[in-house]
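Read-outs: derived from the displayed coordinates by stated rules, not from any lab. None of the values given here were measured: they were computed from a predicted structure. Please note: Cβ atoms are built from the backbone with ideal geometry, for glycine as well, and neighbour counts cover all protein chains shown.
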Amino acid sequence: MIIKILRHAETIWNSGDKIFQGHYDIGISQRGKEQCLGFSARKGYKYVYTSPLKRCTDTIKYINFPNKITKDKRLMEIDTGKYTGMPNKLVKENNPDWWSKWIVSPQNTCFPDGECLTDLHRRVFSFFSELNSLHNFDDKILIVTHGGVIRVLLSVIESKNLSKFWRYDIKNLFELDFKETDLDTFLSAKTINE
């Protein structure tokens, strides 16, 4: 399989002061729409999968993919629970102990009333296991998702654990060419070292 993974375009919540978006269904900003116009890899994908959140479906809409789109909840961002809609700066000021754990040891930190990285890993693992069983070697696939999902993929591929989650700077419209060997490595890590 030839897989390209794309992070959604900019939203007003991830420009300037960052805000925890989680599962909040916010669309892309005007700048995000403009970013999509410059995206060149529109053609040649037989299959397109996306998170059902509006910032991902908007990205596909404004890139103007002609293909049938499959929405899958397993590609959604980590559920940020009670921090959804809160500026990162405010969470850091009001909950310094939690914030420190999230930055230093994200693999051991859960969002209050939300998910842990291990929950996100399980969802993403389930999606890619199914994808692997559904497609042929020469299928060309595009996946539009979120920064957290991409960080989980990269962390597991490179170190077989989630402790390296913050090593990766995943900007809007970040592209990851996911090789067959990357998929094999990710799927070999059904359980991860936390």
In Å, the C-alpha Rg and Dmax of the range 1-60 are 12.3, 38
For SER129 and TRP98, calculate 0.36 nm times their separation in residues minus their Cα-Cα distance, and state this gained length in nm to one decimal.
-> 7.9 nm
Gain on full stretching of the segment that runs from LYS160 to PHE137 - 0.36 nm per residue minus C-alpha separation = 5.9 nm
For labels at SER105 and THR118 in the simple 7 Å Cα→Cβ model, what's the distance in nm?
-> 1.3
Relative contact order, percent, the range 2-187 [alpha-carbon distance under 8 Å, six or more residues apart] | 34
Two pseudo-spin positions, 7 Å from Cα along C-beta at LYS82 and at PHE39, lie apart in nanometres by 3.5
Cα-based Rg (one decimal) and Dmax (whole number) for the range 23-111, in Å?
-> 16.6, 47
Please report, in cubic angstrom per residue, the volume enclosed by the convex hull of the alpha-carbon atoms of the chain.
-> 103
